[in-house]
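Enquirer: Below is one structure. I have some questions about it.
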Amino acid sequence: MLTANLAALGAALCWAASGLIAIGPVRAIGSVAFNRLRMSIVFVGTALAATLLGGWQTLDLQGAAILALSGAVGIVMGDTALFWALGRIGPRRNSVIYATNAPITALLAWAVLGEALGPWTAVGIALVTAGVMLAIFFRASPVPNGTGTVPHDWESVRGRLLVGVGACLIAAVCQAAGSVIARPVMAAGADPIAAAAVRVGMSGLLLFAGGLLPGQRFGFGPGLTPRIFAQIVVNGFIGLGLGMTLLLIGLAHGNAGVVATLSATSPVLILPMLWVWTRQRPGAGAWAGAIVAVLGVALIVNR
């Protein structure tokens, strides 16, 4: 269980960092093109690593098919919605709303896999979820500009806020479903790197196929500069490569609901990162939510 908890928290740290790196590329080339390119890069890396380390031997055809389905739901549908929302509501709101995948995963794991939660673990999940959701009601502290205060550009909302929130909630449901689908295969002993390669490979294939449909843009446009490409490579390695592998390690050793909850603490970890990166201090409500979430994490880890 300790391995699962640490892996899940490590995934949360990876996703918090990658969320900051992703905002520029997503707004430059769009969420679909961003996802398509980073998946291609990560697939090559994870497939090569699985080959060198012998990870493919832990997967049979049925397990690979289940992981492919998990990737189609959790990555293609989930990540596309997630990064679409990211470009419209910014990384802080996006991360906080996306944390709802924790209780959704716990409910799905109970309904589909029969994974029951102890009372204190359930309380911990509720505290984590309440803590990260609390921060959504408080905007970050404004930045002085000499004549008043203005929000940082990353805090701006592009389009209707409710549309961005709805897309992020869809991403949370898809991520929860993808984790529950993958859980039995990982618990059976599948290699996490090989499993990540299958999920990413299938997801990339579907995204490339979607780009060939009428009316869809297959290329990346003029926004793909060497700088943006480098950011996508780093984001893919941290968020999709390392982050997903750690999540799968967690699913191999722990309860799906608990792993999802701990990996959903990205909003807690992203607050100090945003403060350092944007020079914009998060509001008191965001810190209060972070404290509640940390209490929930402590309750879960100590069970």
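The values are calculated or read from the model by the stated rules, or taken from the named source; none is laboratory data. None of these values were measured; they are calculated from a predicted model. Every residue, glycine as well, gets a Cβ built from its backbone with ideal geometry; the counts of neighbours run over all protein chains shown. Accessible surface areas use protein heavy atoms only, side chains included; no ligands, DNA or RNA. Shrake-Rupley method; radii C 1.70, N 1.55, O 1.52, S 1.80 Å.
Enquirer: Cβ contacts < 8 Å: first residue open to solvent by 20 Å² or more (accessible area, probe 1.4 Å), restricted to region 241-258; second residue in a helix (DSSP H, G or I) and of a type in the set (Lys, Arg), any location; separation 6+ or different chain. Result?
Expert: Correct list of pairs: empty, since none qualify.
Enquirer: A further question on this structure: Take region 26-54 and flag every residue that is open to solvent by less than 50 Å² (accessible area, probe 1.4 Å), under 13 Å from Ile75 (Cβ atoms) and of a type in the set (Val, Ile, Thr).
Expert: Result: Val42, Thr46.
Enquirer: Same structure, new question: Return the pairs, sorted by first residue and then second, in which the second residue is open to solvent by less than 90 Å² (accessible area, probe 1.4 Å) and of a type in the set (Ser, Thr, Tyr), the first residue lies in region 40-55 and is touching a residue at least 40 places away in the same chain (Cβ under 8 Å), the beta carbons are less than 8 Å apart, and the residues are 6+ apart or on different chains.
Expert: Thr46/Thr245
Enquirer: Separate question: When region 112-121 is examined, which residues are found to be touching a helix residue (DSSP H, G or I) at 6+ places or on another chain (Cβ under 8 Å), under 14 Å from Gly296 (Cβ atoms) and not in a loop (DSSP other than H, G, I, E, B)?
Expert: Result: Trp120, Thr121.
Enquirer: Report the residue count in region 1-25 for those that are over 30 Å from Ala298 (Cα atoms) and open to solvent by 10 Å² or more (accessible area, probe 1.4 Å).
Expert: The number of residues fulfilling the criteria is 1.
Enquirer: Pairs under 7 Å by beta carbon, first residue surrounded by fewer than 24 Cβ atoms within 10 Å (Cβ to Cβ) in region 184-201, partner among the polar types (S, T, N, Q), six or more apart or different chains?
Expert: Filtered contacts from region 184-201: Gly189/Thr58; Asp191/Thr58; Pro192/Thr245.
Enquirer: Next up: From the list Ala81, Ala4, exactly one residue is in contact (Cβ under 8 Å) with a residue 40 or more places away in the chain, under 20 Å from the mean Cα position of the chain (by Cα) and more than 25 Å from Leu206 (Cβ to Cβ). Which is it?
Expert: Ala4
Enquirer: Quick check on my filter: what residues within region 259-277 are open to solvent by 20 Å² or more (accessible area, probe 1.4 Å) and in contact (Cβ under 8 Å) with a residue 60 or more places away in the chain?
Expert: Val268, Leu269, Met273, Trp277
Enquirer: Also, quick follow-up: Can Ile104 be described as buried (at least 24 other Cβ atoms within 10 Å of the Cβ) and either within 27 Å of Ile300 (Cα to Cα) or at pLDDT 85 or above (or both)?
Expert: no
Enquirer: Which ranges mark the helices (runs of 4 or more DSSP H) fully within region 188-303 that have 3 or more residues being modelled with pLDDT of 80 or more and either closer than 20 Å to Leu48 by Cα or in contact with a Gly (Cβ under 6 Å, 6 or more places away or on another chain) (or both)?
Expert: 192-211, 226-235, 243-253, 284-301
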